[in-house]
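Colleague: Questions regarding the structure given below will be posed in turn.
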């Protein structure tokens, strides 16, 4: 699994022009699920997401987690995080989990994060989505397990 995390001032996700999830300050999290992934990675990644200290403290140092800072988390499924662009000009997505495998893992990940953080919003699995965000920093991290 891969998490691409962006610290944001605000973010929202739209499906068919309708807002389905939005946060103020917090973390926009794109979740990619590999074809070989299992539930074993979920606890580790949920903990990392919620407790990673990337928000500034009073001195401006990155010492606070999203939970410490009172921020929200917006989680969006993103199979393209497992795109392979090494051959040709068209990406291959063979490494990404098929929807019937990815969706239950996605839902389990959401439940794990919701158990750790009070403000969790989501996109719509498998939908064509637009994301609007104001990046903060910018601070962008890739976390894998």
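Colleague: Between rounded, prolate and oblate, where does the stretch 62-109 land on the alpha carbon gyration tensor, with a ≥ b ≥ c its root eigenvalues, rounded for a/c under 1.5, else prolate if a/b exceeds b/c?
Modeller: On the way: a/c = 4.24, a/b = 1.80, b/c = 2.36.
Judged from the Cα gyration tensor, the stretch 62-109 comes out oblate (a/c at least 1.5, b/c at or above a/b).
Colleague: Still on this structure: Evaluate the distance, in nm, between pseudo-label points positioned 7 Å from the Cα of residue 107 and of residue 133 along their respective Cα→Cβ axes.
Modeller: For residue 107 paired with residue 133, the spin-label model returns 2.6 nm.
Colleague: Please report 1, 129, 62 as a ranked list, fewest other C-beta atoms within 10 angstrom at the top and most at the bottom.
Modeller: Ranking 1, 129, 62 by Cβ neighbours within 10 Å, fewest first, gives 62, 129, 1.
Colleague: Above 16 angstrom, tally the Cα pairs of the stretch 52-140 and express them as a % of all pairs, no decimals.
Modeller: For the stretch 52-140, the share of Cα pairs beyond 16 Å comes to 67 percent.
Colleague: Using a basic spin-label model with each label point 7 Å from the Cα along Cα→Cβ, how many nm lie between residue 36 and residue 48?
Modeller: Roughly 1.6 nm, to one decimal.
Colleague: For 49, 27, 4, what ranking results if the residue with the fewest other Cβ atoms within 10 Å of its Cβ goes first?
Modeller: Listed from fewest to most nearby Cβ atoms, that is 4, 49, 27.
Colleague: Another question about this same structure. What is the order of 57, 87, fewest Cβ neighbours within 10 Å to most? Mind dumping the intermediate values first?
Modeller: Details: 57 12, 87 8.
By the 10 Å Cβ count, ascending: 87, 57.
Colleague: Moving on to the next point. Please compute the contact order of the stretch 2-144 in relative form: average sequence separation of alpha-carbon pairs under 8 Å and at least six residues apart, divided by the residue count, as a percent.
Modeller: Working: 304 pairs, mean separation 55.9, N = 143.
Once normalised by length, the contact order is 39 percent.
Colleague: Additional query: Tell me, what is the percent relative contact order of the stretch 61-145, built from C-alpha pairs under 8 Å that lie six or more residues apart?
Modeller: Numbers: 56 pairs, mean separation 29.0, N = 85.
Relative contact order for the stretch 61-145 comes out at 34 percent.
Colleague: Rounded if a/c is under 1.5, else prolate if a/b beats b/c, else oblate: with a ≥ b ≥ c from the C-alpha gyration tensor eigenvalues square-rooted, which is the stretch 1-79?
Modeller: In terms of gyration-tensor shape, oblate.
Bear in mind these aren't lab numbers, they're just calculated from the coordinates by the rules spelled out. Small disclaimer: the values here were computed from a predicted structure and weren't measured. As a convention, Cβ positions derive from the backbone with ideal geometry for all residues, glycine included, and neighbour counts pool all protein chains shown.
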